[in-house]
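Each remark here refers to the structure printed beneath this line.
The values are calculated or read from the model by the stated rules, or taken from the named source; none is laboratory data. Since the model is a prediction, treat every value here as computed from it, not as a measurement. For neighbour counting, all protein chains shown are included, and Cβ atoms are generated from backbone atoms with ideal geometry for every residue, glycine included. Quick note on the areas: whole protein, heavy atoms, side chains included, nothing else; ligands and nucleic acids left out. Shrake-Rupley method; radii C 1.70, N 1.55, O 1.52, S 1.80 Å.
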Amino acid sequence: MPQTVVLYFGSFNPIHRGHLTVADAALDAIGADALWFVVSPQNPFKRYDELAPETLRIEMVRRAIRNARHADKMFASDIEFQLEKPSLTLHTLETLNHRFPQIRFGLLLGSDNIAGLPAWYGFERIVNEYPIWVYPREGYPIPQLTWTEKLTLLNNVPLMPQAATDLRASIAHGIIPENELPEGIGAFIREHHLYGYHD
């Protein structure tokens, strides 16, 4: 039986406790062998100038997952750093399948991403060829459409209203919300003066 790996795509700009809670809860709910945080160097739907350098973002992910409940099943992947930008999920999946034919890959998406999924490159192939697990976010129900029947909604998981956008706004005003960041990430942001942080 092939190993099942959940791919958790994101900018992780920065990674926060909500991301770790989602990852731990998803592993519990899905029963997968592992979860890979796929750090996107450039999301085609996001402004590039809002992103911290990808090498720093993946380093924050590596440090953050050390303290996750399922740290032994988590991995920070830089696969998209090696691919053409902006990052296209289908290209990433095809590359991973070629490199790791023994692994069954699936996607973990927040319910806030589902309405926009048809705009993704290769949308129909992604939905038809890969399992997609949906993590609920408050205020974003899954639309009842033919293709959404293929998705698996995760139940009995904690809702995560937290957003990295809010954290970046606080940091830009010189306030690092330590209680919302994994251990050591606040110090990393200070050290590298990320997100407009100033003493």
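General remarks:
- All C-alpha to C-alpha distances of the range 1-140, sorted into 5 Å bins beginning at zero, yield P(r) values of 2, 9, 20, 24, 24, 16, 5, 0, 0 percent in whole numbers.
- For the range 28-110, the share of alpha carbon pairs falling in successive 10 Å distance bins from zero is 15, 46, 34, 4 percent.
- P(r) tail for the range 71-199: Cα pairs beyond 25 Å make up 45% of the total.
- Taking the C-alpha atoms only, the angle from helix 89-99 to the longest principal axis of the chain is near 70 degrees.
- Computed extension gain for Glu178 through Lys150, at 0.36 nm per residue and net of the alpha carbon distance, reaches 6.2 nm.
- Between the range 126-151 and the range 152-183, the alpha-carbon center distance in angstrom: 23
- Modelled spin-label separation between Thr165 and Gln42, with each label point placed 7 Å from Cα along the Cα-to-Cβ direction: 2.2 nm.
- For the chain, accessible area per residue (1.4 Å probe, heavy atoms of protein chains only), Å²: 51
- Applied to the range 75-81, the Karplus parametrisation 6.51 cos²θ - 1.76 cosθ + 1.60 on θ = phi - 60° returns per-residue 3J(HN,Hα) values of 8, 9, 9, 9, 3, 6, 5 Hz, with x for Gly and Pro.
- Within the range 148-199, the ratio Rg/Rh, alpha carbon atoms throughout and Rh by Kirkwood, equals 1.19.
- Relative to the longest principal axis of the Cα atoms of the chain, the long axis of helix 17-30 makes an angle of roughly 20 degrees.
- Proximity of backbone amide H atoms, modeled 1.01 Å from N, is registered between Met160 and Glu138 at under 5 Å, excluding neighbours fewer than 5 places apart on the same chain.
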